[in-house]
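For reference, the structure is listed below as structure tokens.
The values are calculated or read from the model by the stated rules, or taken from the named source; none is laboratory data. Source: prediction; values computed, not measured. Using ideal geometry, Cβ is built from the backbone for each residue, glycine included, and neighbour counts are taken over all protein chains shown. With ligands, DNA and RNA removed, areas are computed over all heavy atoms of the protein, side chains included. Shrake-Rupley method; radii C 1.70, N 1.55, O 1.52, S 1.80 Å.
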Amino acid sequence: WIYGHHAVVGALMNKNRVKYEVYCTSEAEKKLKGEVKLENADVITINKTRDEIDLLLKGISNHQGICLRVEKLQTPQLSDFIKNLNDQKSIIFLLDQLDDPQNVGAIFRSALAFNIDGIILTNSNSVTENSFLAKAASSAIDKVPFTKIQNISSCIKILKDNGYWIYGLDMKAKSSITDIKFPNKTVFVLGSENKGMRKITASLCDESLKIKMSHNLESLNVSNAAAIMMFYFSNRT
């Protein structure tokens, strides 16, 4: 189930998303019809009370009176994912073993806000698409291209073979993001919430970088760090 107004609208407007039925209150339906032509969305609309939707979603209460039953998105192979990006200039974020759906959803949301071209997720020890991630992403999971990979070593090799430079975030790195003139084709790697970037992943990067910050704090939440990086990339000359 995808729930929340923006997440549901994003899913309904995604032609690659398999959709079934929308459950919504009369108020939520009125708002939805202001943005989506339901007759073109090929879904059944069923009116429910907020309490009935609470029960359907097993106690989740921040659904805004609307939810949509869907199939999970089918992700492309890495080679197809790369082919669909701009061959001259593109920015990719590679999330290595991030397992918190709120963080990953927030990263998708920032990626949409700052026009990041795509996101790569690892299969192992990572969050999969679920209701919490979709809500946190606020429609971005249906708008930002993404794929999932099995082996990060082979993934990075393929990215390098396609002209990408690989940078990893490491708060212990000597160089800062502001010290680098980034190439047109850049991949930025973010490690897990608890352990940061793995040693094997760091060894595969062309360079590790940090975000300069006050000594009063050791590190940032990974989704906050991602948002800063994305803002920086989107505003570079």
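Scanning the range 161-173 for residues that are surrounded by fewer than 17 Cβ atoms within 10 Å (Cβ to Cβ) and modelled with pLDDT of 95 or more yields 161, 162, 163. Checked against (1) farther than 25 Å from residue 158 by Cα; (2) within 16 Å of the chain's Cα centre (by Cα), residue 96 passes all but condition (1).
Considering the range 174-184 alone, what residues qualify as being in a loop (DSSP other than H, G, I, E, B) and either aromatic (Phe, Trp, Tyr) or buried (at least 19 other Cβ atoms within 10 Å of the Cβ) (or both)? Spell out how you get there, then give the answer.
As a first pass, look at the range 174-184 and keep what is in a loop (DSSP other than H, G, I, E, B): 174, 180-184.
Residue satisfying the conditions is 182 alone.
Listed conditions (1) surrounded by 16 or more Cβ atoms within 10 Å (Cβ to Cβ); (2) modelled with pLDDT of 90 or more are all met by residue 192, apart from (2).
The number of residues in the range 188-208 being under 15 Å from residue 155 (Cα atoms), in a strand (DSSP E or B) and in contact with a Ser or Thr (Cβ under 7 Å, 6 or more places away or on another chain) comes to 1.
Just to check your reading of the model, which residue among 116, 158 is in contact with a helix residue (DSSP H, G or I) (Cβ under 7 Å, 6 or more places away or on another chain), β-branched (Val, Ile, Thr), within 14 Å of residue 81 (Cβ to Cβ) and open to solvent by 30 Å² or more (accessible area, probe 1.4 Å)? Working first, answer last.
On the way: 116 fails: open to solvent by 30 Å² or more (accessible area, probe 1.4 Å).
None of the others qualify; the one that does is 158.
Those strands (runs of 3 or more DSSP E) of the range 1-89 in which at least 2 residues are on the phi < 0 side of the Ramachandran plot, aliphatic (A, V, I, L, M) and surrounded by fewer than 17 Cβ atoms within 10 Å (Cβ to Cβ), considering only elements entirely within it, cover 44-47.
Going by the structure shown, is residue 185 in contact with a Ser or Thr (Cβ under 8 Å, 6 or more places away or on another chain), closer than 19 Å to residue 235 by Cα and touching a residue at least 24 places away in the same chain (Cβ under 8 Å)? Give the derivation first.
Details: in contact with a Ser or Thr (Cβ under 8 Å, 6 or more places away or on another chain): yes; closer than 19 Å to residue 235 by Cα: yes; touching a residue at least 24 places away in the same chain (Cβ under 8 Å): yes.
Against the criterion (in contact with a Ser or Thr (Cβ under 8 Å, 6 or more places away or on another chain), closer than 19 Å to residue 235 by Cα and touching a residue at least 24 places away in the same chain (Cβ under 8 Å)), residue 185 qualifies.
In the range 208-219, which residue that is touching a residue at least 12 places away in the same chain (Cβ under 8 Å) and surrounded by fewer than 17 Cβ atoms within 10 Å (Cβ to Cβ) is nearest to residue 165 (Cα to Cα)? Ranking the candidates gives 212 first.
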